[in-house]
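Here it is, the structure, as structure tokens.
The values are calculated or read from the model by the stated rules, or taken from the named source; none is laboratory data. The structure displayed is predicted, hence computed values, not measured ones. Note that we place each Cβ from the backbone using ideal geometry, even for glycine, and neighbour counts take in every protein chain shown.
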Amino acid sequence: MSNSAHTLRFWGVRGSIPTASIEQIHVGGNTSCVEVTAADGSHIVFDGGTGIRELGNNIARMHEDYYEIFIFLSHTHWDHIIGLPFFAPLHQPHARIHFFGPRRSSESLENAILGLFQPPYFPLNSRDIKAQTTFTEFETGEHEFGNGFKIKYAPHPHPNGAISYRLEANGRVIVYITDIEHTKDQLVPSVIELAQGADVLIHDSQFHKEDLPAHRSWGHSSWEECTKIAQIADVKQLFLFHFDPSYSDHDVADMEIRARRVFPNTTAARQGLTIEIPLP
Ligand SMILES: [Zn+2]
Ligand SMILES: [Zn+2]
């Protein structure tokens, strides 16, 4: 399958914990999961929050023969991995799933993920996973894939650590940065570098700027910081992402309006939003 565009789809945009209240249904309650279906059909996924369940059902239905999925995890806090036990491709023997995530001294990425699949937290054991899996730990650097895609990555400040990603594919650049805390006086330099000239920047926007001071050291950002980075790094399109679980649809819409006054090509991501990124 080959196409003239990459397709970006948001399967989960909520931060911290899933929500299901009626005031939040437009933005959506699933936690972090973003899919890029590359123009050549490659499956690329950022984070495995609750949004990855429906994504997995979708992908699993598409394939009866061998196929691969590349999953890039920002970190292993619950809201970024909790959907994985319900990710249907893990239960298909003809799937090969490559996990990438930050290196931590305390525990391997493999153990952190496979630890989800065990009693008393889950009825299945990691031995019941039928897909082939690989686990690659990243610190700072870049990684090239067989199809010519490149992923660049760098760690950023967040409790227990997290990692930012820049995907370069067929001349298009998609940058995924979530669960990040900038300091009061300085935006994280590696983030500005990774975001430079991106076609699409997806960035943690957990809080309104007024709410950020009360949540210092929680590891998150404000829409104001997102728009500053978008301007400085000269990105083309900005998506606000990872909204606080207490924020209503109204709160997020208000955030979008205010952010657009600073950086006009801003969209507050919502569950189900799908955009095409035409190849150059
Ligand atoms: Zn999170
Ligand atoms: Zn986190």
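Give me the residue from the stretch 52-78 that is among the hydrophobic types (A, V, I, L, M, F, W, C) and within 16 Å of ligand 1 (Cβ to nearest atom) and, out of that set, surrounded by the fewest Cβ atoms within 10 Å (Cβ to Cβ).
It comes out as W78.
Which number in (1) buried (at least 16 other Cβ atoms within 10 Å of the Cβ); (2) more than 16 Å from ligand 2 (Cβ to nearest atom); (3) of a type outside the set (K, R); (4) outside any helix (DSSP H, G or I) marks the one condition that S16 misses?
For S16, the failing item is (2).
Within the stretch 79-103, how many residues are away from ligand 1 (no atom under 16 Å from the Cβ), in a loop (DSSP other than H, G, I, E, B) and closer than 26 Å to S16 by Cβ?
The total comes to 2.
Quick check on T133: is it polar (S, T, N, Q) and either surrounded by 13 or more Cβ atoms within 10 Å (Cβ to Cβ) or farther than 29 Å from G219 by Cβ (or both)?
Yes.
Right, something else. For residues that are touching a helix residue (DSSP H, G or I) at 6+ places or on another chain (Cβ under 6 Å) and either at pLDDT below 95 or surrounded by fewer than 24 Cβ atoms within 10 Å (Cβ to Cβ) (or both), tally how many sit in the stretch 168-186.
Result for the stretch 168-186: 1.
Right, something else. In the stretch 177-232, what residues are more than 13 Å from ligand 1 (Cβ to nearest atom), among the aliphatic types (A, V, I, L, M), part of a loop (DSSP other than H, G, I, E, B) and in contact with a strand residue (DSSP E or B) (Cβ under 6 Å, 6 or more places away or on another chain)?
V188, A198, L212
For the stretch 135-167, enumerate the residues that are among the basic types (K, R) and in contact with a helix residue (DSSP H, G or I) (Cβ under 7 Å, 6 or more places away or on another chain).
Scanning the stretch 135-167 gives K152, R166.
For the stretch 244-261, state whether one or more residues are surrounded by 15 or more Cβ atoms within 10 Å (Cβ to Cβ), under 18 Å from S32 (Cβ atoms) and polar (S, T, N, Q).
no
I would also like to ask the following. Surrounded by 13 or more Cβ atoms within 10 Å (Cβ to Cβ), touching a Pro at 6+ places or on another chain (Cβ under 8 Å) and farther than 29 Å from H91 by Cα - does that describe any residue in the stretch 138-160?
Looking for residues that are surrounded by 13 or more Cβ atoms within 10 Å (Cβ to Cβ), touching a Pro at 6+ places or on another chain (Cβ under 8 Å) and farther than 29 Å from H91 by Cα, one finds at least one in the stretch 138-160, hence yes.
While we're looking at this one, here's another question. Which pairs turn up if I take residues in the stretch 201-228 that are among the hydroxyl-bearing types (S, T, Y) and look for partners that are part of a loop (DSSP other than H, G, I, E, B) with beta carbon separation below 6 Å, at least 6 apart in sequence or on another chain?
Hits for this filter: S221/I180; S222/K209; S222/L212; T227/F263.
Specify the residue that is nearest to ligand 1 (Cβ to nearest atom); the eligible residues are those in the stretch 1-32 that are among the aliphatic types (A, V, I, L, M) and closer than 17 Å to R172 by Cβ.
Ranking the candidates gives L8 first.
How many residues does the stretch 137-160 hold that are touching a residue at least 24 places away in the same chain (Cβ under 8 Å) and farther than 30 Å from T183 by Cβ?
3
So R127 clears everything in (1) part of a helix (DSSP H, G or I); (2) touching a residue at least 40 places away in the same chain (Cβ under 8 Å); (3) of a type in the set (K, R) except one condition, right? Which one?
(2)
Residues are listed down the side, and each one gets a yes or a no for (1) away from ligand 2 (no atom under 16 Å from the Cβ); (2) more than 15 Å from F100 (Cα to Cα):
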site	(1), (2)
T136	yes, no
I174	yes, yes
Q186	yes, yes
R216	no, yes
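Can you name the residue in the stretch 109-124 that is surrounded by 12 or more Cβ atoms within 10 Å (Cβ to Cβ) and in a loop (DSSP other than H, G, I, E, B) and, of all such residues, is nearest to the chain's Cα centre (by Cα)?
That would be L116.
Would you call G272 in contact (Cβ under 8 Å) with a residue 60 or more places away in the chain and either part of a strand (DSSP E or B) or buried (at least 17 other Cβ atoms within 10 Å of the Cβ) (or both)?
Here the answer is no, as G272 does not meet what is asked.
So for the stretch 87-108 (the condition being in contact (Cβ under 8 Å) with a residue 40 or more places away in the chain, within 16 Å of ligand 2 (Cβ to nearest atom) and surrounded by 21 or more Cβ atoms within 10 Å (Cβ to Cβ)), does at least one residue qualify?
The answer is yes, given that some residue of the stretch 87-108 is in contact (Cβ under 8 Å) with a residue 40 or more places away in the chain, within 16 Å of ligand 2 (Cβ to nearest atom) and surrounded by 21 or more Cβ atoms within 10 Å (Cβ to Cβ).
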